[in-house]
1. Working only within the range 4-36, note down all residues that are of a type outside the set (A, V, I, L, M), in contact with a Ser or Thr (Cβ under 7 Å, 6 or more places away or on another chain) and part of a helix (DSSP H, G or I).
2. Filter the range 5-53 down to residues that are over 27 Å from P81 (Cβ atoms) and in contact with a Phe, Trp or Tyr (Cβ under 8 Å, 6 or more places away or on another chain), then give me how many there are.
3. Spot the failing condition for L136; the list is (1) at pLDDT 95 or above; (2) in contact with a strand residue (DSSP E or B) (Cβ under 7 Å, 6 or more places away or on another chain); (3) among the hydrophobic types (A, V, I, L, M, F, W, C), and only one is missed.
4. Going through the range 51-73 one residue at a time, which ones are under 16 Å from the mean Cα position of the chain (by Cα), surrounded by 13 or more Cβ atoms within 10 Å (Cβ to Cβ) and either closer than 21 Å to T111 by Cα or free of Cβ contacts under 8 Å to residues at least 60 places away in the same chain (or both)?
5. Which of the residues spanning the range 30-50 are without any contact (Cβ under 8 Å) to a residue 40 or more places away in the chain and not β-branched (V, I, T)?
6. Of all residues in the range 112-133 being in a helix (DSSP H, G or I) and touching a strand residue (DSSP E or B) at 6+ places or on another chain (Cβ under 6 Å), which is surrounded by the most Cβ atoms within 10 Å (Cβ to Cβ)?
7. State all residues of the range 74-102 that are part of a helix (DSSP H, G or I), surrounded by 13 or more Cβ atoms within 10 Å (Cβ to Cβ) and among the small types (G, A, S); if no residue qualifies, say none.
8. Check off (1) buried (at least 20 other Cβ atoms within 10 Å of the Cβ); (2) more than 12 Å from D8 (Cβ to Cβ) for A108 and give me the number that stays unchecked.
Amino acid sequence: MKEPAFWDTSALLFLCTNQPTKRDVEELFQLYEIVAWWATPVEARSSLARLVRMSEIDLDQRDKAIDRFEELRTDWTEIDPSELLRNIAEDLPDRFSLRAGDALQLAAAYTWAMQRPAGRRFISGDRRLLDSAEQLGFRTIAV
């Protein structure tokens, strides 16, 4: 059985596109079950649209990425929005200089870890978010 880990949207996008990464995300996917934030699909679609606009992927690649993303989504654990999560997220931009979306992602991970992140994995391609997660006590994995 795979160990659960919180996957930031950036890490999930690496599973769905052929963008270069520092680590083999397919290998990480074999090791870690996906835990994701409720709004991750919206953030992922926004990122894919941006990649198309920037000509980094074409429409066919975007469609394949969306299909893979939807496939992954059927098996992941999703962290729903809550009052607690919002309260946690409200403090994170000042504490770690995070944007709203990143604060919500990190708050979702922290909520999933029941505010005891020691030993829990946090996977991301965003250095600032990884640093913030590490300061909260997560074991981070950069992709």
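The values are calculated or read from the model by the stated rules, or taken from the named source; none is laboratory data. Computed from a predicted structure; not experimentally measured. Backbone-built Cβ (ideal geometry, glycine too); neighbour counts: all protein chains shown.
1. If the condition is that a residue be of a type outside the set (A, V, I, L, M), in contact with a Ser or Thr (Cβ under 7 Å, 6 or more places away or on another chain) and part of a helix (DSSP H, G or I), then T9, S10, F14 are the ones that fit.
2. Count: 1.
3. Tallying (1) at pLDDT 95 or above; (2) in contact with a strand residue (DSSP E or B) (Cβ under 7 Å, 6 or more places away or on another chain); (3) among the hydrophobic types (A, V, I, L, M, F, W, C), L136 fails exactly one: (2).
4. A65, I66, R68, F69, R73
5. Once the filter is applied, which keeps residues that are without any contact (Cβ under 8 Å) to a residue 40 or more places away in the chain and not β-branched (V, I, T), the range 30-50 yields Q30, L31, P41, A44, R45, S46, S47, L48, A49, R50.
6. A133
7. Of everything in the range 74-102, those that are part of a helix (DSSP H, G or I), surrounded by 13 or more Cβ atoms within 10 Å (Cβ to Cβ) and among the small types (G, A, S) turn out to be A89, G101.
8. (2)
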